[in-house]
1. Return the inverse of the average 1/r over all pairs of distinct C-alpha atoms in the stretch 197-243, which is the Kirkwood hydrodynamic radius, in Å to one decimal.
2. Among P90, G65, S29, pick out the residue whose Cα is farthest towards the positive end of the charge dipole of the stretch 1-102, where Lys and Arg carry +1 and Asp and Glu carry -1 on C-beta, about the Cα centre.
3. So how do K123, K52, K225 rank on accessible area, 1.4 Å probe, biggest first, that is with the largest at the start?
4. Across bins of 10 angstrom width beginning at 0, how are the C-alpha pair distances of the stretch 124-243 distributed, in whole percent?
5. Ignoring any ligand, DNA or RNA, what whole percent of the accessible area of the chain comes from carbon and sulfur when the probe is 1.4 angstrom?
6. Tell me, what is the Rg over Rh of the stretch 60-201, with Rh the Kirkwood radius over Cα pairs?
7. If exposed GluC sites (Glu not before Pro) are those in a DSSP loop with at most 16 other Cβ within 10 Å, what is the longest stretch of the chain that has none?
8. Using the structure shown, select from K32/K123; K138/K182; K66/K182; K123/K182 the pairs with a Cα to Cα distance greater than 19 angstrom.
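The values are calculated or read from the model by the stated rules, or taken from the named source; none is laboratory data. All values derive from a computational prediction rather than experimental measurement. Quick reminder, even Gly has a Cβ in these numbers, built from the backbone with ideal geometry, and neighbours come from all protein chains shown. To get the accessible areas, we keep the full protein, side chains included, count just its heavy atoms, and leave off ligands, DNA and RNA. Shrake-Rupley method; radii C 1.70, N 1.55, O 1.52, S 1.80 Å.
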Amino acid sequence: MSNSLDDKTFAFTVDKPDERVAVRCTVWSREKDKVLLNEKANPEFDEVQIDKTGRYLVIKTGLTGKDHVIRVRVADLETGKISDLTDAEPDYAPGHSDNGLGTVVAVSSRDSDGLGPSITLRKLDDPHNFIHILRWPKDWTQSFHISMLADNENWALLSSYTGKAPLSKGLFHDEIFQVTTKGPGFVHRLAHHHSVRSEFWDEPRANISRDGRFVTFTSNWGGAKRHDVFILRVPDEFVPRKN
C-alpha cells in the first residue's frame, strides 16, 4: 500500500486468495469515501504507487522485454487518462523508482543512448519524456533503491547494492548517496552500508526523513546472519532548508 502526502488517497494491490500474486490494483479516496480506480491485471501486477499529490498512480506490470512490452502504466486519477510506457524504446519505462510531487525518479530500465545505466526523472503529466540525472559508463553491476520521502525534492536518495555477493568495487558501489534532481552532475556521498547481498532481505533499502536530516537503512554488515537497523545523520551542509 502507498498513500498521498496528505493521507487522503491510498493505492494498493489485491492478491489472489492464498497466493502472493497481485491480480488487481485499487485507489481509494478517504476524503470522498470512493474508489477512484479499480484496474484488473493482465496477467498480474508487480506493484503500484501513488504520487505525493494523490493524482497520479504508477503501475508496474512486471513485464519486461523488447517489442513494445508495456512495463509501466501511469494513471491520471483526475482525467482518467492512462499512459502506457514501453520497456524499451521509445519510453524506456521506469525500473525501481519512487514518486515525488507529480514526478517519478527511477533506475533506467534499459540503455537509452548507448552510454550505460542511469537514474532518470520524468513528470507524471508528461510520462513519455525523461531526463538523465546521473549516469554510469557501462556499469550494470549495481541495483538501486530510491527514496523521495523528503519534503525537499531537489535531491533524491539512492542506496546501491551489488546483485549478488561479494561486494564489488567501482564508482558509487554499495553506497548511500544523494543526487540532484535539477540536472546531471551533483552528488552528495553519505556512507557505505556494508551489506552483502545474498538474498532479498540483505538489500539496504535506505529511506530519508521528511526533513532530510536522517536516513534509515538495514544491513547485515559484512555478511552477518542478522540484519540491524542503522540511522545515518545527514551532514548539516547537505540538509536543504527549503525546497
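1. Radius from the Kirkwood sum: 11.9 Å.
2. The residue sitting most towards the positive pole is S29.
3. On the way: K123 130, K52 25, K225 210 Å².
Output order, biggest surface exposure first: K225, K123, K52.
4. Percent of pairs per bin, in order: 13, 43, 33, 11, 0.
5. 51 percent
6. Over the Cα atoms of the stretch 60-201, Rg/Rh equals 0.96.
7. Details: sites that count: E19, E31, E78, E199.
Excluding the exposed sites themselves, the longest stretch runs over 79-198.
8. Pairs exceeding the cut-off: K32/K123; K138/K182; K66/K182.
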